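Have a look at the structure below before the remarks.
Read-outs throughout are calculated quantities, based only on the coordinates presented, and are distinct from any laboratory measurement. This structure is a prediction, so every number in the text was calculated from the model and none was measured. In this analysis, Cβ positions are derived from the backbone assuming ideal geometry, glycine residues included, and neighbour counts consider all displayed protein chains.
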Amino acid sequence: MPHLLAPSLLAADFTDLKGAVSLVDQGPAPWLHLDVMDGVFVPNISFGPAIIKAIRPLTKKVFDTHLMIVDPDRYIDAFKDAGAEVLTVHLEACTHLHRTVQAIKAAGMKAGVSLNPHTSVSLLEDILPELDLVLVMSVNPGFGGQKFIGRTYAKLDQLRDLRERTGSKTLIEVDGGVGPDNFRKLVEHGADVLVAGNSVFGAPDPLQAMAVLSGN
């Protein structure tokens, strides 16, 4: 299966979100990545369901929504109502991860789980067959523009092996420091979905950047 590109709105010009969404809508990336931060789980605040709901009519791209928040169970229905189609929570933020995953699915969304750089892939073994997506953070979450953590390649290998061993169909997603210099290697190590922020919105020609990162 060809890999998917998910440009991250976090790297866009927040004074022109409509223009940023329109730009992605014109490009080859099938997903739009939405980073939701609460200033508690991560040291930054971004946007929430109201913004997502406001931009939902602007595109038919899949809304790949990444919750970097504490107590995500409280907001599952709100993000469903806002238009999220993939909802990813952090393993580190969930006391009862299986229950959270089931609640996301019951709301009619695909369920993802994200791992911080220090979190072992092995912790997903019991739940991996239940997941639609695993998001591997290749930077510490909270801010865009960080340097890619090289250990990510080994984690992708481990996750791909675990997926094969458990018979899971989950997609493997990578977020952080993804760009033209490393995206092919990430795909070679098992990544199915690539999140790209600055390498798209900070590029001289974002449409061309999306085409390159899509492998076109």
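What is the one condition in (1) over 18 Å from P141 (Cα atoms); (2) assigned to a helix (DSSP H, G or I) that A29 does not satisfy?
A29 satisfies every listed condition except (2).
Using the structure shown, decide if G215 is in contact (Cβ under 8 Å) with a residue 12 or more places away in the chain, loosely packed, with under 14 Cβ neighbours inside 10 Å, out of contact with any Phe, Trp or Tyr (no Cβ under 6 Å at 6 or more places or on another chain) and of a type in the set (G, A, S).
When the stated conditions are applied, G215 passes them.
So, in segment 134-184, how many residues would count as being closer than 19 Å to A203 by Cβ and in a helix (DSSP H, G or I)?
2
Residue by residue through segment 187-209, note down the ones that are surrounded by 23 or more Cβ atoms within 10 Å (Cβ to Cβ) and over 23 Å from S22 (Cβ atoms).
Across segment 187-209, the qualifying residue is only A191.
Considering only segment 41-74, state which residues are in contact with a Leu (Cβ under 7 Å, 6 or more places away or on another chain) and of a type outside the set (A, V, I, L, M, F, W, C).
Those that are in contact with a Leu (Cβ under 7 Å, 6 or more places away or on another chain) and of a type outside the set (A, V, I, L, M, F, W, C): S46, T59, K61, D64, T65, H66.
Tally time: how many residues in segment 1-24 are aliphatic (A, V, I, L, M) and assigned to a helix (DSSP H, G or I)?
Number of matching residues: 8.
V40 passes all but one of (1) assigned to a loop (DSSP other than H, G, I, E, B); (2) free of Cβ contacts under 8 Å to residues at least 60 places away in the same chain; (3) over 16 Å from P141 (Cα atoms); which number fails?
(3)
Say whether the condition of being more than 20 Å from S8 (Cβ to Cβ), among the hydrophobic types (A, V, I, L, M, F, W, C) and in contact with a Gly (Cβ under 7 Å, 6 or more places away or on another chain) is met by at least one residue in segment 130-142.
Yes, some residue in segment 130-142 is more than 20 Å from S8 (Cβ to Cβ), among the hydrophobic types (A, V, I, L, M, F, W, C) and in contact with a Gly (Cβ under 7 Å, 6 or more places away or on another chain).
I need a count of the residues in segment 185-216 that are assigned to a strand (DSSP E or B) and β-branched (V, I, T).
Residues in segment 185-216 being assigned to a strand (DSSP E or B) and β-branched (V, I, T): 2 in total.
Grab the helices (runs of 4 or more DSSP H) fully contained in segment 47-119, keeping just those with 1 or more residues being in contact (Cβ under 8 Å) with a residue 60 or more places away in the chain, touching a Lys or Arg at 6+ places or on another chain (Cβ under 6 Å) and crowded, with 16+ Cβ neighbours inside 10 Å.
In segment 47-119, there are no helices (runs of 4 or more DSSP H) which contain 1 or more residues that are in contact (Cβ under 8 Å) with a residue 60 or more places away in the chain, touching a Lys or Arg at 6+ places or on another chain (Cβ under 6 Å) and crowded, with 16+ Cβ neighbours inside 10 Å.
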